[in-house]
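Have a look at the structure below before the remarks.
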Amino acid sequence: MNEHETVVYQFRQEAFTFLGIENILSESSDFGYFWNHFFSVGGYDKILPYAVDPKPINVWYTKDTGDRIYFQGLMIENVDEVPDEYTLAKFPASDFLVVTHEWVSTNEEALSYGIDAGWKNIKTVQMPDGYFRNDGPGCPITVIEKENCDTPEGSRYEFWVPIKKVEE
């Protein structure tokens, strides 16, 4: 696989509502099972009618109970009924440092390159001056993955790292 230039930019996501399938993470989590289960109960089809953005998103966060969650779904609005086995959650407005790569021509290339490179790059990404990582205990979100595919610019896989302004 060719190397692609890493792209990093700051982004503010306003408060959002998310609908999808929550998975409790453990040291032995089976992501194949998570994805098979997601599609076996209806996948994106049951939530696309409510989507404000049809691009697949995974929200990693920690619940108040301490459970680490991998949450597959979409940002939505105006849900009249939550489908069986799905969960509706609200997340606060946050600032993010988006770590991704240059646009590529296919979603397959974005996935095959972007996932591994993204996980590697978010560990060492330089925080903007006056900001710190806001992904530790007590933070609402650990990371967001977005499959930003099939846009007019092309496709890329994004990792959103929560950041917060240093208080003076």
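Just a few scattered comments:
- Span from the the range 101-168 Cα centroid across to the the range 4-19 one, whole angstrom: 7 Å
- Remark: the Cα gyration tensor places the range 114-168 in the prolate category, a/c being 1.5 or greater and a/b exceeding b/c.
- Taking label points 7 Å from Cα along the Cα-to-Cβ direction, Lys90 and Glu77 give a separation of 1.4 nm.
- Anisotropy class of the range 10-157 from Cα gyration tensor, a/c 1.5 cut: rounded
- The chain - charge dipole about Cα centre, Lys and Arg +1 at Cβ, Asp and Glu -1, debye rounded to 20: 380 debye
- For His4, the shell of other residues with beta-carbons less than 11 Å away shows a net charge of -3, using +1 for Lys and Arg and -1 for Asp and Glu.
- Relative contact order [Cα under 8 Å, 6+ residues apart], the chain, whole percent: 29 percent
- Three-way shape call for the range 20-106 based on the alpha-carbon gyration tensor, with the a/c threshold at 1.5: rounded
- Net length available on complete extension from Lys55 to Arg133 is 25.6 nm, with 0.36 nm assigned per residue and the Cα-Cα distance removed.
- To put it simply, the accessible area of the range 1-124 at a 1.4 Å probe is 49 percent carbon and sulfur.
- With all protein chains kept in place, the per residue accessible area of the chain amounts to 55 square angstrom at a probe of 1.4 angstrom.
- Packing rank of 90-99, 123-132, where each peptide gets the mean count of other beta carbons within 10 Å, highest leading: 90-99, 123-132
- Estimated FRET transfer efficiency (Lys164, Asp67; beta-carbon r; R0 25 Å; 0.05): 0.65
- Only DSSP H runs of four or more residues enter the estimate; each adds -39500 (n - 2.57), and after division by the residues of the chain the mean residue ellipticity at 222 nm equals -5500 deg cm²/dmol.
- Rounded to whole Hz, the Karplus (6.51, -1.76, 1.60) HN-Hα couplings of the range 103-110, x for glycine and proline: 4, 10, 7, 10, 5, 4, 5, 4
The values are calculated or read from the model by the stated rules, or taken from the named source; none is laboratory data. Keep in mind the model is a prediction, meaning the values are calculated, not measured. Positions of Cβ are backbone-derived with ideal geometry, glycine not excepted, and every protein chain shown enters the neighbour counts. Heads up: the accessible areas ignore ligands, DNA and RNA and are worked out on the full protein's heavy atoms, side chains in. Shrake-Rupley method; radii C 1.70, N 1.55, O 1.52, S 1.80 Å.
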